[in-house]
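Report on the following structure.
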Amino acid sequence: MINTFFRDRYAKIFKTFQKTLQSFITFQNLMKVPTEILIALAILTFIISLAQSAIIKGNVYSWELNKISAIVEINTTPKQRIVAVNGSYEFSVPTGIYLIEAYSTDRELSCSETIVITSNGTYILDLILFPTLKYNELNFTEPSFEIDEGNQAILMTASILTILAAVTAVLGIIMVKKKPRTPDSSELPEDLTQILKILKESGGRATQKELREKTGWSEAKLSLVLTDLERRGLIEKYKKGRGNVIFLK
């Protein structure tokens, strides 16, 4: 409450100062103002703009959840672009809606995220880059077929039989109840094994918040690991309030 009070108080002072400055500095008055005062006013204006900005920062990961160097851009005016050498980035922006784009130095991985800045403060946004599909490099050539009218009926019959066989095969696979093999913990990656170990030590269940506190991972990395474990059939996630409860199968 105290920080909010002072921030609002300073914002009112800054607005009053800006209006006074705009009414004072006309072209004629500007010629009469000493250079030292002009420099001081420029520095003060710069400090005011910094005080009214928010910080967006985070880490850049590959789809394998490894920190990587990347180029990160944000569509401010003018556009800001940095090279996250150590996998970390930071931008200073005013309130608004922004699009953050990132891509690896070889441009094989990329991602884009939208973030809404409603007030001053620090916003954490981790970026996970996935392989980029280069559709413009794909070269498709439409094959040319010449079909005699007498063979159309035979081809149609063969197509129908092929479709029926495919549908029958799919239904047969669905109807076969085969329990998936639970992979041995030694076959799992280290981060997946760590989550399973924590769940066993916690009696078979834990909240997603507790897992994040015990691992020290970011929310993005933990979500990917839990999704992988759920896909392998090793855990179950249930929504409870604003968070998730993770159960060990």
**Amide H partners (placed H, <5 Å) of Asp126, local residues excluded** = Asn59
**Item:** FRET efficiency, 1/(1 + (r/R0)^6) with R0 25 Å, evaluated for Lys67 and Ser92 via beta carbons
**Value:** 0.65
**Prompt:** Which ³J(HN,Hα) values in Hz, rounded to whole numbers, follow from the phi angles of the range 115-121 under the Karplus curve 6.51 cos²θ - 1.76 cosθ + 1.60, where θ = phi - 60° and Gly and Pro get x?
**Reply:** 9, 10, 9, 9, 7, 5, x
**Item:** Stretch gain in nm, segment Ala166-Arg212, where the contour uses 0.36 nm per residue and the Cα spacing is subtracted
**Value:** 12.1 nm
**Prompt:** Per 5 Å bin, what is the whole-percent P(r) computed from every C-alpha pair distance within the range 185-248?
**Reply:** 4, 18, 34, 30, 12, 2, 0
**Prompt:** Where does each of 156-166, 98-108 land if you order them by average Cβ count within 10 Å, highest first?
**Reply:** 98-108, 156-166
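Any read-out appearing in this document is the output of simple, stated calculations on the displayed coordinates, not a laboratory observation. Remember, predicted model here, so these are calculated numbers, not experimental data. Here the Cβ is made from the backbone with ideal geometry for all residues, glycine too, and neighbour counts use every protein chain on show.
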